[in-house]
Amino acid sequence: MNINIKKHGRLFEFSILFTLFLFFEILMSIRYEISIYLPYYFITFASIALVPGLLVLVHKNKLRFTLYALYIFFGFAIFVADTCLFHYKEDIFSWAMLKDVGDGLTMGIKYNIFIAFPWWEWMIILVVCGLLIGFLMKIMLGPNKVEAPFKWSRLLYLSLAILTLLSSGFYLKEVDLYLYQVPQDKRTYLLTFGFSSFNKQDALQTLENFIMNGQIRLDASEMIDDVDDTTNTTPSHLFGSFEDKNVIMIMTETVEQYAMDPILTPILWNLYHSGYYFTQTYGVAKTNYTYDAEFKSLTSMMYYNNDNIMHTYADNQFTNSLPSLLKNEGYTVNAFHSFYGHYFNRDEMYEALGFEHYYAYEEMEFSEVDFWPLDSEFFGQNLDLMAPVQEDPFFSFVITLSTHGAFREQRSEFAPYYPLIEADGRYTGHDEEFINLLAAQMDLDRGLELLVEDLIAKNLLADTVIVLFSDHKNYSSIEVTKEYTPLEHEYELYNYEYDIIPFAIYNPTITTRGISSLTSQYDIMPTLCDLLGIPLVADYVYGQSVFLYDTDQYVDKPIILGYNRWVSKNLIVYDKQIVYVDPAVDNPMDLMVSMQNDIYQTIEQFHAYFLTDYFRKTAD
């Protein structure tokens, strides 16, 4: 063995690990065009050096090599997960996601997890990893291995990394200080500080949250000491206009306006274009997660930490939720979804939200499919449960599924719909992913047709309010979404209109009215409660009744998409960068900083509700 390797073995080991994880960092940066502020590379290098600097202190070669191998394995697994998550959802792995890793695997098998790079680039990556591991094995476990005595100089790598991180305050921009310490806004963090810096900070925060859990909850309790439990939201001129009506609230999975058709999806089209239909409703689901969309639509609350609220807070009580409030008004309240009951921990969280029963896949029967259970079969077998004939009003919360991606290939279960699309002739030449989404929405349309026919047959349609909205954008085919989504305005940095989702409220007695006011999923629950005549405590919700726009009483607040992303009338910000500013604004940066501080406080106040199980007290 080369004398230099024998003499400086730990340096070679450290260099190999450092080089490999720097390789991952560079690949991620190139693939997703991440360019960070030059001084922040000091943080990147120090973040990469931390774990290798710690592992080189282990004395025994065999144990140290085992730890190196495990670290490389987990590092590669996180790299694969991050490249996949960022491609589909602009999300990355965090340690808090371990609670719902089973959910990710269940859904992930339907997607190509190696989508970020072509197969030959993955082969190069694997070869590089294999060569570096092989070299480590040779110098550490080969016949000429050396068990060197401990040297204090081995602390140099770890010490330099720690000192570099401790001195980061000298070159961090003021606008990035809070983001650096609290990496909940994962996309913005990645684009600002890079892949390795996020992994380091996320691990440190996870450890801190575990150790300081009691203090964090105490701070949260103090934050909401001044919550006003007595002042209600402002009622609109339509308050109580649908009092005691039945409610069927349908969250349509991935449904896009551009793939609705008045001929091929007539019921879907009519429901989304009759009654009150909204043309500027923004989806606010955290990184396009369905569970976040449903929680926000049922509570008008928000949660932007890295964990999954459905797992973390299922033991809480949410007496402020829509099903809990309606149950107090004499409604029967049930939820329906054609996927596994345990997925996203819905079976437990729905009980916490106040639902009396959650009807899931295990209680239903479906034909064999390539991807997801058919919505036509889902509605067909649950009509009497979704729309019961009874004396008390009912609330049915329904989540559809067959329109879930991916759409990269045709599905055999949609075979009846492809000939109809081809015979129609208007979609010749459209992308295959568009055709597959359209076919999926045709099956959803068939399910909705069965529901509407059933309501008519039972003489319930006039006494039922149907609320429809999509959970999030078609992230499975984001290029298709960009190609077919009509834009009123185009911006170089980000076309925020891509985030607009379909939203409508239907009842046959409503005079059709298109509403172009700025709204979001935060407004769904307050708007519905306003129509039903149910008052809400103002401090418990973020949204408002959209009908307050009619009388200029709608309070102008930003639609919060994250710590560093929001949409408002006079300022639109995406990843801390201004996309649009009203020409009347004198100092856009001052306004952005002021709004950012308010948004941070708003998010933290809602987090405090979760941490303290605040709404349990209202049940006493």
Quiz item: For T254, are the conditions met, namely being touching a His at 6+ places or on another chain (Cβ under 9 Å) and in contact (Cβ under 8 Å) with a residue 24 or more places away in the chain?
Solution: yes
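The rows are residues; the columns are (1) surrounded by fewer than 21 Cβ atoms within 10 Å (Cβ to Cβ); (2) part of a loop (DSSP other than H, G, I, E, B).
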site	(1), (2)
I250	no, no
D261	yes, yes
L264	yes, yes
Y272	no, no
H311	yes, no
N316	yes, yes
Exercise. Would you point out which residue out of L536, L487 is among the aliphatic types (A, V, I, L, M), within 29 Å of Y427 (Cα to Cα) and more than 22 Å from the chain's Cα centre (by Cα)?
Key: L487
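For (1) open to solvent by 60 Å² or more (accessible area, probe 1.4 Å); (2) closer than 30 Å to P323 by Cβ; (3) free of Cβ contacts under 8 Å to residues at least 40 places away in the same chain, each residue gets a yes or a no:
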site	(1), (2), (3)
K557	yes, yes, yes
V567	no, yes, no
N570	no, no, yes
D582	no, no, yes
D586	yes, no, yes
I603	no, yes, no
Y609	no, yes, no
R616	yes, yes, no
Quiz prompt | Test: residue in the stretch 217-225 that is more than 28 Å from H87 (Cα to Cα), of a type in the set (K, R) and at pLDDT below 90 | solution = yes
Quiz item: Within the bounds of the stretch 111-124, is there any residue that is modelled with pLDDT under 80, of a type outside the set (D, E), open to solvent by less than 30 Å² (accessible area, probe 1.4 Å) and not in a loop (DSSP other than H, G, I, E, B)?
Solution: no
Quiz prompt | Every residue from the stretch 29-43 that is under 10 Å from T164 (Cβ atoms) and in contact with a Lys or Arg (Cβ under 9 Å, 6 or more places away or on another chain) | solution = I43
Quiz item: Which of (1) surrounded by fewer than 21 Cβ atoms within 10 Å (Cβ to Cβ); (2) within 28 Å of the chain's Cα centre (by Cα); (3) in contact (Cβ under 8 Å) with a residue 60 or more places away in the chain is the odd one out, the single condition F378 does not satisfy?
Solution: (1)
Quiz item: Do we find that D100 is modelled with pLDDT under 85, among the acidic types (D, E) and either buried (at least 17 other Cβ atoms within 10 Å of the Cβ) or in a helix (DSSP H, G or I) (or both) in this structure?
Solution: yes
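Each row is one residue, and each column tells you yes or no for (1) among the polar types (S, T, N, Q); (2) under 12 Å from F336 (Cα atoms); (3) at pLDDT 95 or above; (4) not in a helix (DSSP H, G or I).
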residue	(1), (2), (3), (4)
V369	no, no, no, yes
L385	no, yes, yes, no
P388	no, no, yes, yes
S402	yes, no, no, yes
R408	no, no, no, yes
R426	no, no, no, yes
Quiz prompt | Filtered residues of the stretch 366-411 (kept if over 16 Å from L444 (Cβ atoms), in contact with a strand residue (DSSP E or B) (Cβ under 9 Å, 6 or more places away or on another chain) and not small (G, A, S)) | solution = L385, P388, Q390, D392, P393, F394, F395, F397
Quiz item: For the stretch 136-154, how many residues are surrounded by 15 or more Cβ atoms within 10 Å (Cβ to Cβ) and at pLDDT 85 or above?
Solution: 1
Quiz item: Counting only residues that are touching a Ser or Thr at 6+ places or on another chain (Cβ under 9 Å) and either within 25 Å of N246 (Cβ to Cβ) or open to solvent by 30 Å² or more (accessible area, probe 1.4 Å) (or both), how many does the stretch 340-354 have?
Solution: 4
Practice problem: Determine which member of the set F239, F198 is in contact (Cβ under 8 Å) with a residue 40 or more places away in the chain, out of contact with any Phe, Trp or Tyr (no Cβ under 7 Å at 6 or more places or on another chain) and either open to solvent by less than 70 Å² (accessible area, probe 1.4 Å) or part of a loop (DSSP other than H, G, I, E, B) (or both). | Solution: F239
Quiz prompt | Single condition I48 does not satisfy, out of (1) open to solvent by 80 Å² or more (accessible area, probe 1.4 Å); (2) in a helix (DSSP H, G or I); (3) within 23 Å of F93 (Cα to Cα) | solution = (1)
Practice problem: Mind listing whichever residues of the stretch 52-70 are assigned to a helix (DSSP H, G or I) and open to solvent by less than 50 Å² (accessible area, probe 1.4 Å)? | Solution: P52, G53, L55, N61, R64, F65, Y68, A69
Quiz item: Within the bounds of the stretch 285-301, is there any residue that is surrounded by fewer than 17 Cβ atoms within 10 Å (Cβ to Cβ), touching a Leu at 6+ places or on another chain (Cβ under 6 Å) and either more than 30 Å from I456 (Cβ to Cβ) or touching a residue at least 60 places away in the same chain (Cβ under 8 Å) (or both)?
Solution: no
Quiz item: Is it the case that some residue within the stretch 18-32 is surrounded by 19 or more Cβ atoms within 10 Å (Cβ to Cβ), over 28 Å from the mean Cα position of the chain (by Cα), modelled with pLDDT of 90 or more and among the aliphatic types (A, V, I, L, M)?
Solution: yes
Practice problem: Inspect the stretch 204-221 for any residue being within 27 Å of L20 (Cβ to Cβ), open to solvent by 50 Å² or more (accessible area, probe 1.4 Å) and either in contact (Cβ under 8 Å) with a residue 24 or more places away in the chain or assigned to a loop (DSSP other than H, G, I, E, B) (or both) and give the result as yes or no. | Solution: yes
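Listed here are the residues, each with its yes/no results for (1) hydrophobic (A, V, I, L, M, F, W, C); (2) touching a Cys at 6+ places or on another chain (Cβ under 9 Å); (3) modelled with pLDDT under 90; (4) within 30 Å of M97 (Cβ to Cβ).
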residue	(1), (2), (3), (4)
A203	yes, no, yes, yes
E208	no, no, yes, yes
G214	no, no, yes, yes
I250	yes, no, no, yes
I263	yes, no, no, no
P266	no, no, no, no
H273	no, no, no, no
T290	no, no, yes, yes
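The values are calculated or read from the model by the stated rules, or taken from the named source; none is laboratory data. Predicted model only: the values in this text are computed from it and were never measured. Heads up, the Cβs are rebuilt from the backbone with ideal geometry, glycines too, and the neighbour counts pull from every protein chain shown. For accessibility, only protein heavy atoms count, side chains too; no ligands or nucleic acids. Shrake-Rupley method; radii C 1.70, N 1.55, O 1.52, S 1.80 Å.
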